[in-house]
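Asks: What follows is a structure written as structure tokens; I'll ask about it next.
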Amino acid sequence: MTGMKQLKPNIYAVGAIDWDRRLFDELIPLPDGTSYNAYLIRGSKKTALLDAVDPTKVKVLRDNLVSLGIKKIDYVVAHHGEQDHSGAIPDILASYPDAKVVTNPKCKVMLIDLLNIGEEKFVTVDDGQTLSLGDKTLQFVYIPWVHWPETLGTYLQEDKILFPCDFFGSHLATSSLFVENESVVYEAAKRYYAEIMMPFRTPIRNNLEKIKALQIDMIAPSHGPVYDKPKFIINAYKDWVSDEVKNEVVLAYVSMHESTRKMVEHFVEALIERGITVKQFNLTVTDIGKLAMSLVDAATIVLGSPTVLAGAHPKVAYAAILANALRPKTKFASIIGSYGWGGKMTEQLTGLISNLKVEVLEPVIAKGYPKDDDFAALDKLADAILAKHKGLKIAVEA
Ligand code: FEO
């Protein structure tokens, strides 16, 4: 038995903790590991398993079910098609051949496509539909785009527990079933939001509005610990998805021969003097999860790059592509950097962030090592950023 715990009578966490995983989607750093949470609900008449686990951890899930003495599963509720939850479903169906997969029509198609599950194994449910397990009632809640189009949650009526799958989750391996230290979980949940959920701010806002109708005592996500005081994570999400930005500049840069670095150092000082918070990332050593987190709130992003082969340094181009995909609520952007003899770095980088609804402020590009004029231009850019932040009423007079 590994990591199996009881949330409330007859409701068990039967998933797996992945202490060692350090990368998700071959992209996202997981400094604190993760978990694939699955929940077993034993009703007086029927038994339901909510989600499965990543295929690498199927043995843990199976062993947990055996330890609980589960001989029959009636329903496997699939909230989401992504394989870190659905990947072990075929295995569970093989072990529990009477089980039906309960999901919405969109997820059904995905599970057939991704996992080759037979059509006859499915029961599809509508938004708001209920399914009785006897003394416990599952109510299905469509919560699309957190973070795929098919995402679904389950509200357990009698126990007032919401099982929202990835929504509200955190990549955090911990032996605690419930949140113990809110600041630790806040950090992990914000990282998760930044990397996975941020592009879907508007649907998330709608989903937050939708779940207001439910009386929620507990939120049991599919990654990280269970929230037995759910107000904390609901309020954090409300803040992250709001249109409010902070008096912050994210400065992501690379320097090859110190010209761009000198500009960055001067510019950062100029911003700090103007009362603006700076989050500076040297992209050669940056944890991109930290960069993503900083984009959740910042009003402005500035990219710093030397010119390489007529364009931006590829690591800066990568950061621009990433920011463009994550679609933060950032309002302003600019570019600083240097060149030797020519190139189209600024055009390239502004083209790469075309998804962002930002006003691009006059870039500052130095020929070779920066000189007095370049430093003066950086001061002017800092002034322009301050004026824009003041316009949003997020900066005060320095
Ligand atoms: Fe945790 Fe989108 O899967």
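The values are calculated or read from the model by the stated rules, or taken from the named source; none is laboratory data. Since this is a predicted model, take the numbers as computed values, not measurements. Because the Cβ atoms are built from the backbone with ideal geometry, glycine has one as well, and the counts that use them run over all protein chains shown. The area values use the complete protein model at the heavy-atom level, side chains included, leaving out ligands, DNA and RNA. Shrake-Rupley method; radii C 1.70, N 1.55, O 1.52, S 1.80 Å.
Asks: Answer yes if at least one residue in region 105-123 is surrounded by fewer than 17 Cβ atoms within 10 Å (Cβ to Cβ) and closer than 12 Å to TYR75 by Cβ, and no otherwise.
Replies: The answer is yes; a qualifying residue exists.
Asks: Return the total of residues in region 308-318 being surrounded by fewer than 24 Cβ atoms within 10 Å (Cβ to Cβ) and either of a type in the set (Lys, Arg) or over 19 Å from the mean Cα position of the chain (by Cα) (or both).
Replies: 7
Asks: Going by the conditions given, is THR277 over 20 Å from TYR186 (Cβ atoms) and of a type outside the set (Asp, Glu)?
Replies: Criteria not met by THR277.
Asks: Let me ask something else. Please count how many residues of region 319-346 are under 20 Å from SER259 (Cα atoms) and open to solvent by 60 Å² or more (accessible area, probe 1.4 Å).
Replies: 3
Asks: I've got another one for you. For region 51-74, which residues satisfy the criterion of being in a loop (DSSP other than H, G, I, E, B) and among the hydrophobic types (A, V, I, L, M, F, W, C)? Break it down stepwise before answering.
Replies: Step one: filter region 51-74 for residues in a loop (DSSP other than H, G, I, E, B), giving 51-54, 68-74.
Within region 51-74, ALA52, VAL53, LEU68, ILE70, ILE73 qualify.
Asks: For region 40-55, which positions are open to solvent by 10 Å² or more (accessible area, probe 1.4 Å) and under 20 Å from PHE167 (Cβ atoms)?
Replies: Residues of region 40-55 that are open to solvent by 10 Å² or more (accessible area, probe 1.4 Å), as a first pass: 42-47, 54-55.
Of everything in region 40-55, just one residue is open to solvent by 10 Å² or more (accessible area, probe 1.4 Å) and under 20 Å from PHE167 (Cβ atoms), namely ASP54.
Asks: Collect the residues in region 6-16 that are in a strand (DSSP E or B) and out of contact with any helix residue (DSSP H, G or I) (no Cβ under 8 Å at 6 or more places or on another chain), keeping them in residue-number order.
Replies: Result: GLN6, LEU7, LYS8, ILE11, ALA13.
One line per residue, one yes/no per condition, for (1) polar (S, T, N, Q); (2) touching a residue at least 12 places away in the same chain (Cβ under 8 Å); (3) more than 16 Å from the ligand (Cβ to nearest atom):
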| site | (1), (2), (3) |
| --- | --- |
| LEU115 | no, yes, no |
| THR130 | yes, yes, yes |
| LEU133 | no, yes, yes |
| PRO144 | no, yes, no |
| PHE167 | no, yes, no |
| HIS171 | no, yes, no |
| ALA194 | no, yes, no |
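Asks: Being of a type in the set (A, V, I, L, M, F, W, C) and in a loop (DSSP other than H, G, I, E, B) is the filter; apply it to region 18-42 and report the residue that is modelled with the lowest pLDDT.
Replies: Filtering first and then ranking leaves LEU27.
Asks: Starting from residues that are under 23 Å from GLY15 (Cβ atoms) and part of a helix (DSSP H, G or I), keep the ones in region 202-215 and report whichever is farthest from the ligand (Cβ to nearest atom).
Replies: For region 202-215, the residue satisfying everything is ILE211.
Asks: I would also like to ask the following. Under 7 Å between Cβ atoms, which residue pairs at least 6 apart in sequence (or on different chains) link something in region 314-331 that is in contact (Cβ under 8 Å) with a residue 12 or more places away in the chain with a partner that is assigned to a helix (DSSP H, G or I) and of a type in the set (Ser, Thr, Tyr)?
Replies: none
Asks: Of everything in region 75-98 that's within 16 Å of the ligand (Cβ to nearest atom) and in a helix (DSSP H, G or I), which residue is farthest from the chain's Cα centre (by Cα)?
Replies: ILE89
Asks: Looking at PRO199 and the list (1) within 16 Å of the ligand (Cβ to nearest atom); (2) in a loop (DSSP other than H, G, I, E, B); (3) open to solvent by 10 Å² or more (accessible area, probe 1.4 Å); (4) not small (Gly, Ala, Ser), which single condition is not satisfied?
Replies: PRO199 satisfies all of (1) within 16 Å of the ligand (Cβ to nearest atom); (2) in a loop (DSSP other than H, G, I, E, B); (3) open to solvent by 10 Å² or more (accessible area, probe 1.4 Å); (4) not small (Gly, Ala, Ser) except (2).
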